[in-house]
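Before any comments, here is the structure.
The numbers here are math on the coordinates, done by the rules we state, and not lab data. Remember, it's a predicted structure, so these values are computed and weren't measured experimentally. Here Cβ is always computed from backbone atoms with ideal geometry, including for glycine, and neighbour counts include all displayed protein chains.
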Amino acid sequence: MKALNNIFARAAAEPRRIVLAEGEDARVLQAAAIAVERGIANVVVLGNAASVKSLAQAEGISLVGIELIDPATAPERSRYAEVLFSLRKAKGMTKAQAEEAIADPLHYAQMMVREGDADGSVAGAVYTTGDTVRAAIQIIGMAPQSSLVSSFFLMMLCEPFHDLKGGVIFSDCGLVIDPDAEQLANIAMSAADSAQNLLGEAPRVAMLSFSTSGSASHAAVTKVVEATNRVKAQRPEMIIDGDVQLDAAIVAEIAERKVANSQTHGRANVLVFPNLEAGNIGYKLAERIGKAEAIGPILQGLNKPANDLSRGCSVTDIVNVVAITVVQAQ
């Protein structure tokens, strides 16, 4: 767990203010308490104040060190509603609709991040991925250098039987269904940046396919090859192989036999999947059969950090995502 331990150490060294939108969920509240206890974040939870306090009492969760904000009564509500109205009026939003939306904790959380009142947000234990991502894009917006919001999982391979050790980025496994070549290149570059930031090592990117070095001819392979060439043109310094099959991406002996002039040499730490179907299946196979720990989905391409959770997430999952959000915000 060296990569994950490093993330927690970095978060504790420079904590940031992270807002959790779903304070009326016991898992979120427990995770908030753990994050504060471990010193990895200055935590704000959103929700009905009476309901959150009642839940904390019932679950035996300490609220010491946690800031509680009720969006329905918060003094910033009017200002946030004005900002939201100015952002969305061209899309037909009225002032009344903006005021109603800001009373919703998810929209309030993203507005806190946009306005600099929080450094990052975490939601998705209750809200759907669609709702979480939509609110983030509409309110926080995309990073200036990005034309696409995508996602990744940080896969931790730390069991004794894992030949490939440490952290590996899997992207995109949660958001972009069928990227074209340009979008796939964007996903690869964003995933490489995420690897550099979170793993603290140079990204070694494998553009995955059912083909290696043109061993198959198909439009799906052509897309991966074109995406790889786009990345090489924009970032000639990046270590990248593509098109490449999974075994050649992560097994040095196979890469030596199958990939002439390989740059990753079978030691890829960023696996870019050709579409969401492959990515979703791939990370779940690694998690369920390969016993890797999957952390995410983490969003990339936004102007400021806002991360999603699975609605089946555990308390540990939430704490991990809080730590990653802090490091993204640093």
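Observations on the model:
- Near the amide H of ILE239, within less than 5 Å, lie the amide hydrogens of VAL205, all on another chain or at least 5 residues away, with H placed in the peptide plane.
- Cα centroid of the stretch 173-244 to Cα centroid of the stretch 115-155, whole Å: 22 Å
- Among VAL322, ILE239, PRO274 - extreme Cα towards positive end, dipole of the chain, charges at beta-carbon: ILE239
- Theoretical ellipticity at 222 nm over the chain - DSSP helices of four or more residues, -39500 (n - 2.57) apiece, nearest 500: -13500 deg cm²/dmol
- Within a Gaussian network of the chain (alpha carbon springs, distance under 10 Å), most fluctuating of ALA125, ALA96, ALA33: ALA96
- For the residue pairs LYS2/LYS284; LYS258/LYS284; LYS53/LYS284, the C-alpha atoms sit more than 31 angstrom apart in LYS53/LYS284.
- Over the C-alpha trace of the chain, radius of gyration and Dmax come out as 20.6, 65 angstrom.
- Estimated at 0.36 nm per residue, the fully extended path between SER86 and ASP180 surpasses their Cα-Cα distance by 30.6 nm.
- FRET efficiency, LEU285 to THR128 (Cβ-Cβ, R0 22 Å, nearest 0.05): 0.40
- Per-residue Karplus couplings for the stretch 206-211, computed as 6.51 cos²θ - 1.76 cosθ + 1.60 with θ equal to phi - 60°, are listed in order as 10, 8, 6, 7, 8, 10 Hz, Gly and Pro entered as x.
- About its Cα centre, the dipole of the chain is roughly 320 debye, where the only charges are +1 on Lys and Arg Cβ and -1 on Asp and Glu Cβ.
- Cβ-Cβ FRET estimate between GLU99 and GLU226, R0 fixed at 41 Å, reported to 0.05: 0.30
- Residue of MET189, MET238, MET156 that the Gaussian network model of the chain assigns the largest fluctuation, springs spanning Cα pairs under 10 Å: MET238
- Dipole magnitude of the stretch 20-178 about its Cα centre (Cβ charges: Lys, Arg +1; Asp, Glu -1), debye to nearest 20: 380 debye
- DSSP assigns beta bridges within the chain; of those with both partners inside it, close to 35 percent run antiparallel.
- Nearby aspartates and glutamates by direct alpha-carbon distance to LYS223 (threshold 19 angstrom, same-chain neighbours under 8 apart not counted): ASP172, ASP178, ASP180, GLU182, ASP241, ASP243, GLU277
- For the stretch 28-42, backbone phi angles converted through the Karplus equation (6.51, -1.76, 1.60; θ = phi - 60°) give residue-by-residue couplings of 5, 5, 5, 5, 4, 5, 5, 4, 5, 4, 7, x, 8, 7, 8 Hz, Gly and Pro being listed as x.
- For SER151, the residues 5 or more places off, or on other chains, whose built amide H falls under 5 Å of its own are CYS173, GLY174, LEU175, VAL176, GLN300.
- Under 16 Å from the Cα of LYS304 - aspartates and glutamates, other chains or at least 8 residues apart: GLU115, ASP117, ASP119, ASP193
- Vicinal HN-Hα couplings computed from phi for the stretch 67-75 (Karplus, 6.51 cos²θ - 1.76 cosθ + 1.60; Hz; Gly/Pro x): 8, 10, 10, 9, x, 5, 10, 5, x
- Taking amide H atoms as placed 1.01 Å from N in the peptide plane, the amide H of ALA74 has no partner under 5 Å among residues 5 or more positions away or on other chains.
- For the stretch 88-158, the alpha carbon positions stretch 51, 29, 23 Å along the principal axes, listed from largest to smallest.
- Taking only alpha carbon atoms, the stretch 1-121 gives an Rg to Rh ratio of 1.04, where Rh is the Kirkwood radius.
- 16 Å reach of a label modelled at ASP163, 7 Å along Cα-to-Cβ, counting backbone N of the stretch 241-259: 245-259
- Gaussian network model of the chain, springs between alpha carbon atoms under 10 Å - residue of ILE169, ILE250, ILE40 with greatest fluctuation: ILE250
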